[in-house]
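What follows is a short report on a single structure.
Bear in mind that the values in this text are calculations on the coordinates, not laboratory data. This structure is a prediction, so every number in the text was calculated from the model and none was measured. Here Cβ is always computed from backbone atoms with ideal geometry, including for glycine, and neighbour counts include all displayed protein chains.
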Amino acid sequence: MQEEIQSLRALHQQTEQLLDAKTNEVAEQATRLAEQDDHLFNLQQELVQKDKFFADEVEVYKGEVAQALLVGFEVAVEQASSLHPSLDFSQLGPSKRVVDERLVEE
């Protein structure tokens with residue numbers, strides 16, 4: 001009977017050691033998961049900031065492109081006027097198209 005008690009105590013000790021090891025493993029995994037969650041949150045915040053930055057940049061570039069288009073159009077009209085001073089270019093516009101041989105707004 002004494003041997004059986006010692007055997008059960010040894011088994012109990014092994015079980016407690018295994019349980020402690022598994023508990024520590026779960027705690028370590030929980031810590032890693034929390035760190036990964038924090039990292040993911042930080043990446044999401046960074047992405048939101050960069051998205052806003054690039055959206056703002058796109059708006060700036062849209063304005064710059066529109067301004068360049070207008071300046072280019074004005075330069076082209078000036079050049080055409082200097083080549084053909086007798087022609088009236090006042091009806092021209094950067095947003096107009098020729099449809100059926102007539103200038104129309106887009």
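Quick notes
- In the chain, Cα pairs under 8 Å separated by at least six residues give a relative contact order of 11 percent.
- One compactness figure for the range 1-63 is 2.54, namely its Cα radius of gyration divided by 2.2 N^0.38 Å.
- In this Cβ point-charge picture (+1 for Lys and Arg, -1 for Asp and Glu), the chain has a dipole of about 220 debye about its Cα centre.
- Computed from the alpha carbon atoms alone, the convex hull of the chain holds 156 Å³ per residue.
- Most mobile of Ala21, Ala34, Ala68 in a GNM of the chain (Cα contacts under 10 Å): Ala21
- Options Gln67, Ser7, His84, ranked by Cα towards positive dipole end of the range 2-105, top entry (Cβ charges): His84
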